[in-house]
1. Based only on the alpha carbon positions, what is the Kirkwood hydrodynamic radius of the chain, in angstrom?
2. Compute the angle between helix 59-89 and the longest alpha-carbon principal axis of the chain, please, reported from 0 to 90 degrees and rounded to the nearest 10.
3. What's the extension gain from residue 5 to residue 92 if we count 0.36 nm per residue and subtract their Cα-Cα distance?
4. In whole angstrom, note down how far apart the Cα centers of segment 139-175 and segment 211-257 are.
5. Pop out the carbon and sulfur fraction of the accessible area of the chain as a percent, whole number, probe 1.4 Å.
6. Per residue, how much accessible area does the chain have with a 1.4 Å probe, in Å²?
7. Extension gain residue 53-residue 16, at 0.36 nm per residue separation less the Cα-Cα distance, in nm?
8. Per 5 Å bin from zero, what fraction in whole % of the C-alpha pairs of segment 154-257 is there, up to the bin with the longest pair?
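The values are calculated or read from the model by the stated rules, or taken from the named source; none is laboratory data. For clarity, every value in this text was computed on a predicted model and none was experimentally measured. In this analysis, Cβ positions are derived from the backbone assuming ideal geometry, glycine residues included, and neighbour counts consider all displayed protein chains. For accessibility, only protein heavy atoms count, side chains too; no ligands or nucleic acids. Shrake-Rupley method; radii C 1.70, N 1.55, O 1.52, S 1.80 Å.
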Amino acid sequence: MTAAQKWIAFRTILTREIRRFTRIWLQTLLPPAITISLYFIIFGTLIGPRIGEMAGFSYMEFVVPGLIMMSVITNSYSNVVSSFFSTKYQRSVEEMLVSPVPNYIILLGFSLGGVVRGLMVGTIVTLLSLFFTDLKVTHLGVTIGIVLCTSVMFSLAGFINAVFARNFDDISIIPTFVLTPLTYLGGVFYSISLLPEFWQGVSMANPVLYMVNAFRYGLLGVSDINVTWAFAMVILFAVALFAIALHQLEKGSRLRS
């Protein structure tokens, strides 16, 4: 295929993915906004004043970056896992695999569709947070960089989950038993400095902790971890997941009947 044909194929897949979730925005964009707004009200407005300051900021200011990142992670992941599994379930993925379109174009199209949804939901949540607190960006480059890398990483993870899933129940196992615990224990609602030394060490094994803290550093200028390590970890995971996903497409395992 020529470069122009590859671009057309990529744009077609990406456009279809974006139209898929924007067409049903009442199911894909509105619910996360409502859920996070409830977090803002309960944790920030009602519980926050009782907790007081954390890391020199009001509790509402402290949790907002974590909640924004949580919405980006869950929506980037869920968009790709549901979309690609539906494509596999309907057997239309077989037509793409036998077409002259390179596998990396297919992977990029689906993954970036998840990135777009994750960033759209993250933007909506950010705008909603302005009704509850004044949000200032301390390091714009760090903020944009970490949210993009994180969204790409979890979109690729969702793609891999969809490849290995055998039925619709399988696509909810990882989000329920892995993604949700990692997110809630990733420093969204607290600083790990409050934990005993042993549990601080355990928390350092949680990759979500690095993403949340790097994003918090970008907005507030404070972090429990080294931001450089956070970027290195996210990029390393993203590259590894891309290689795994591309290998699965090349092999065609669980994709062809």
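1. Details: mean 1/r = 0.0527 Å⁻¹.
After inverting the mean inverse Cα-Cα distance, the result is 19.0 Å.
2. 10 degrees
3. Gain in length upon complete extension: 29.3 nm.
4. 8 Å
5. 67 percent
6. Heavy-atom accessible area per residue stands at 49 Å².
7. So the chain would gain 8.8 nm between residue 53 and residue 16.
8. P(r) for segment 154-257, in whole percents per bin: 2, 12, 17, 19, 17, 13, 10, 6, 3, 1, 0.
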